[in-house]
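Working notes, structure below.
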Amino acid sequence: MLRYPAALALTLAVEIPVYAAALRWGWAASWRRAVLCGLGVNLATHPLLWWLLAPWTGREAYPLVLVFAELVVCGAEAVLLAWWLGRRDPLLAVLAVAANAASVLAGFIFASV
């Protein structure tokens, strides 16, 4: 399992480019705004997610708790993006799922090395 600073750094390294590219090209946000949105949603959700998942690490129920927690995070990130961009677009939820799936996969890969 990764330590928190490494986990946050990995998450930001993976998710900010996903959010930035999608928000720039798909929602016509400026690069600055797109990057700040990617950073903002992660700084809003990652610490709480990490703190809530910590007691479940190594337990049999961890995979189920992880999936549920990530879905909640995706919903929260989509709502934040909609608010910050002033758009009610369900595709923002798809973007949140894609960005979070990429960082979870990167975390599994990094932790297994």
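Some observations on this one:
- Being of a type outside the set (Val, Ile, Thr), touching a helix residue (DSSP H, G or I) at 6+ places or on another chain (Cβ under 9 Å) and either closer than 17 Å to ASP89 by Cβ or in a helix (DSSP H, G or I) (or both) is a description that does not apply to ALA9.
- Checked against the criterion of being out of contact with any helix residue (DSSP H, G or I) (no Cβ under 6 Å at 6 or more places or on another chain), surrounded by 13 or more Cβ atoms within 10 Å (Cβ to Cβ) and touching a residue at least 24 places away in the same chain (Cβ under 8 Å), the candidates GLY26, GLY38 yield just one match: GLY26.
- Tabulated pairs, segment 54-78, first closer than 19 Å to ALA96 by Cα, second open to solvent by 80 Å² or more (accessible area, probe 1.4 Å), C-beta under 7 angstrom, 6+ apart or interchain: VAL65/TRP56; ALA69/LEU52
- When the residues of segment 1-11 are filtered to those that are crowded, with 17+ Cβ neighbours inside 10 Å and of a type outside the set (Ser, Thr, Tyr), the one that is nearest to ALA96 (Cα to Cα) is LEU10.
- Residue match in segment 43-50 (condition: open to solvent by 30 Å² or more (accessible area, probe 1.4 Å), more than 15 Å from ASN100 (Cα to Cα) and either part of a helix (DSSP H, G or I) or out of contact with any Ser or Thr (no Cβ under 8 Å at 6 or more places or on another chain) (or both)): no
- Subset of segment 94-113 [in a helix (DSSP H, G or I), of a type outside the set (Ser, Thr, Tyr) and more than 11 Å from the chain's Cα centre (by Cα)]: VAL94, LEU105, ALA106, GLY107, PHE108, ILE109, PHE110, ALA111
- Residue match in segment 54-68 (condition: in a helix (DSSP H, G or I), modelled with pLDDT of 95 or more and small (Gly, Ala, Ser)): no
- Filtering segment 51-72 for residues that are within 15 Å of the chain's Cα centre (by Cα), among the charged types (D, E, K, R) and over 13 Å from ALA22 (Cβ atoms) leaves a non-empty set.
- Answer residue from segment 79-91, given it is part of a helix (DSSP H, G or I) and either under 23 Å from ARG3 (Cβ atoms) or free of Cβ contacts under 8 Å to residues at least 24 places away in the same chain (or both) and is farthest from the chain's Cα centre (by Cα) among those: TRP83
The values are calculated or read from the model by the stated rules, or taken from the named source; none is laboratory data. The structure presented is a predicted model; accordingly, all values stated were derived computationally and were not measured. Don't worry about glycine lacking a Cβ; one is built from the backbone with ideal geometry, like all the others, and counts go over all protein chains shown. Note: areas computed on protein heavy atoms with side chains; ligands, DNA, RNA excluded. Shrake-Rupley method; radii C 1.70, N 1.55, O 1.52, S 1.80 Å.
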